[in-house]
Amino acid sequence: MWRGSLFFIVLLTCQWACEPGENERKGTISALHLDPLLFDRMKESDQVNVVRRHLSLYAHRALDPTAEIAFDERFPDWRQRLPSDLLLQMDTTIYHISCGRLSYLLRDVYRELGFQSATYNFGIEHTPFTHELTLVELSDGLVSVQDAHYNSALFEGDSLGDFFQFLQAMAGGRTHDFYFINDTSWANLYLPEAYLDSGYEFCNPAYVSGPLQPTLNASWYRRDYMVNLQVNLQDSCYGFMTNLNMQRTDGFDFEDLFLTRISSISGYPEWEQRVDTILASAQSD
């Protein structure tokens, strides 16, 4: 009798302690407009990819990133909030989100789903040519590179590529087996009403499409924004790498930027140490 009562108490304690975490996990999956049952049947590699693809739908930009709709202005408490709660509010809010903030959000979503995850900030420090994306570890130890800002992921052959093996290949000048996929999603580009008569479209970027549409805020309009790595990097108007290579003569590739880490890999000193060892070897060659 006593053993049965003890088992019942332990069972209740486990349910009380474990159910909130599981509910938050399911809430995060649902907030991404995914089916929790179907999601749980996926392979881990498919899970991390589909989460990144769905989060890229939240990669909204504004023509003026310093405007009132900056992400930190709209969601000043975002660091303290559950991903599910934040995503639900983002569904109905006009905002501009940077690659850094989106990489943190993807990291937090992965952690909520039970993955080890961090962000990697790299590029040419103190210039506009920096980028931040998300690292997520699978159960087999592979650390995947996932980028919601450009809706892309690192692959090697037909499978997800490992971040550290990629860096090692970059350091040795042999990256032919690695590539970033070009998935496509559509987010919003927000334009303030004051820009409409200012001739802002002196160049027509390929990643902007469709007519101007009103929003719930009368001061802002929107157009469709293509989230696609190749288009966003190489667009002849405002492409990230197009603008970078207009200022340089050495023909930089996007992958070259990975060899310069800017900030720490917060919470994962062993990952940071591995990165720095690889980068040091690249500099000594």
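Since every read-out is calculated from the coordinates, none of them should be taken as a lab result. Quick caveat, the model's predicted, so the values are computed rather than measured. Every residue, glycine among them, receives a Cβ derived from its backbone with ideal geometry; neighbour counts consider all protein chains shown.
Tabulated data for the structure shown
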item: Dimensionless Rg ratio for the chain, taking C-alpha atoms and the 2.2 N^0.38 Å reference; result: 1.12
item: Overall form of the stretch 208-285 per C-alpha gyration tensor (a/c, 1.5; a/b vs b/c); result: oblate
item: Order of C237, C203 under a 10 Å beta carbon neighbour criterion, fewest first; result: C203, C237
item: Under-5 Å amide H pairs with C237, H placed in peptide plane, nonlocal only; result: A206
item: 5 angstrom amide H check on D253, placed H, neighbours 5+ away; result: none
item: Stokes-Einstein D in µm²/s, Kirkwood radius over Cα pairs - the stretch 56-163 at 4 °C with 1.567 mPa s viscosity; result: 88
item: Cα gyration tensor category, rounded, prolate or oblate, for the stretch 108-152 with a/c compared to 1.5; result: prolate
item: Interchain or long-range residues, amide H under 5 Å from W186's placed H; result: V227
item: Among beta bridges that DSSP assigns inside the chain, antiparallel share in %, nearest 5; result: 90
item: Gyration tensor (alpha-carbon) shape descriptor, the stretch 145-285, a/c threshold 1.5; result: prolate
item: 222 nm mean residue ellipticity, helices alone, for the chain (DSSP H n ≥ 4; -39,500 (n - 2.57); rounded to 500); result: -12000 deg cm²/dmol
